[in-house]
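The values are calculated or read from the model by the stated rules, or taken from the named source; none is laboratory data. This structure is a prediction, so every number in the text was calculated from the model and none was measured. Every residue, glycine among them, receives a Cβ derived from its backbone with ideal geometry; neighbour counts consider all protein chains shown. Only protein heavy atoms, including side chains, enter the accessible area calculation; ligands, DNA and RNA are left aside. Shrake-Rupley method; radii C 1.70, N 1.55, O 1.52, S 1.80 Å.
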Amino acid sequence: FLEGLRLYISLSRKRASSYNSSMPEKLPIELTPLEEAKAKIAAMISKELKLDSKVRIPISKASGGKNVSVADLALPCFPLLRFFKGKKPNEVAEIIVKAIENVESDVVAKAEVSGPYVNFILSTKYLGTIVEDVNNGALMKGMDKTKEKVMIEYSQPNTHKVFHVGHMRNAALGDCLVRLYEFYGHPVVAANYFGDEGAHIAKCLWKLKRHVKEHKFDIDTIPEEKRAEWLGSMYSGAVAELTLKTYTKMPFMNVIAGKVTEIKDHPDEKAPKNWHVVKLEVKPSEFKTVICGGRGYNVGDFVAYLPVGNFLKGKKVVEKDMQGVVSSGVMLGYTEVDV
């Protein structure tokens with residue numbers, strides 16, 4: 001809600017500026033109650049521990065780590081060790097919690113030790129103070145009175161992949177903006193364009209048609225509740241295969257010329273007779289070993305070499321153990337490079 005509110009105010013200020021109308025630089029209420037809470041908690045700690053008011057108490061928003069996962073704010077005690085000679089960070093955290101546990105506060109509902117941190121859970125009463133100011137209009141007092149018609153585009157889900165948490169944030173933020181604009185008297189058009197056209201659809205259909213043809217796959221066999229996820233897998237597969245960084249058709253962006261410096265028979269007697277261990281110089285003083293079953297190359301020749309990590313015929317090139325010898329990359333024949 002606060003994020004949507006900040007966006008609304010930012011957009012309103014820009015609109016006011018474009019019409020040369022005035023708008024207060026500072027609103028009657030602080031839009032970031034966490035900043036106010038940090039200052040109040042720091043002042044309380046300084047007072048109870050009798051620290052100089054100039055000493056910085058580094059309270060910050062809880063980041064979600066193992067020590068602060070259930071907190072609104074957290075205080076790492078490492079910077080305060082200089083005021084507690086001989087104490088460890090977790091001991092300092094215990095001293096702080098004990099010092100403030102009986103102090104009446106309209107901000108903190110609970111303070112607790114979590115390793116070298118002090119975690120603060122803010123009171124719902126304090127966090128809820130902004131709601132009253134929203135409802136009675138105090139928050140927006142002095143806002144621009146121009147009530148233009150506004151169109152807000154949001155959500156725009158991709159029809160060929162699963163809705164994920166990133167899309168949910170966009171939907172929630174867009175809906176919040178729509179309601180805020182309506183609340184303050186704007187005529188609002190909420191627009192949602194489904195992403196059913198564009199390059200991403202072409203890529204997905206290309207992969208889908210190819211998959212159906214190569215595997216003789218019947219798409220009607222996919223359960224209805226799994227279809228979005230399956231389409232997503234087709235799309236991501238197409239993106240991986242069609243990127244120019246890994247594309248192996250002309251103009252061979254990742255295929256390089258490797259110089260054959262050594263050709264040996266495979267050391268395993270059970271290996272196919274046409275397998276050779278080929279040593280390639282792919283860069284000055286950089287060599288790769290490839291197991292190759294083809295022919296028509298000799299020491300000193302330059303061959304088309306596709307490094308590990310690229311794609312060939314829809315499959316990713318990886319290092320492979322070829323009966324005791326690791327093959328890194330692929331030597332391409334004339335059919336593979338469309339010659």
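Some notes on this structure:
- When the residues of the stretch 31-60 are filtered to those that are assigned to a helix (DSSP H, G or I) and at pLDDT below 85, the one that is least open to solvent (accessible area, probe 1.4 Å) is PRO33.
- Residue ranges of helices (runs of 4 or more DSSP H) in the stretch 129-228 with at least 1 members of a type in the set (Lys, Arg) and open to solvent by 50 Å² or more (accessible area, probe 1.4 Å): 165-183, 199-215
- Of all residues in the stretch 297-304, one or more are in contact with a Leu (Cβ under 6 Å, 6 or more places away or on another chain) and open to solvent by less than 70 Å² (accessible area, probe 1.4 Å).
- Restricting attention to the stretch 101-111, the residues that are free of Cβ contacts under 8 Å to residues at least 24 places away in the same chain, in contact with a helix residue (DSSP H, G or I) (Cβ under 8 Å, 6 or more places away or on another chain) and not in a loop (DSSP other than H, G, I, E, B) total 2.
- Here LYS85 does not qualify as without any contact (Cβ under 8 Å) to a residue 12 or more places away in the chain, surrounded by fewer than 19 Cβ atoms within 10 Å (Cβ to Cβ) and not in a loop (DSSP other than H, G, I, E, B).
- Hits in the stretch 252-287 - residues which are in a loop (DSSP other than H, G, I, E, B) and open to solvent by less than 70 Å² (accessible area, probe 1.4 Å): PHE252, ASN254, VAL255, HIS266, ASP268, ALA271, PRO272, TRP275
- Residue match in the stretch 61-73 (condition: at pLDDT 90 or above and in a helix (DSSP H, G or I)): no
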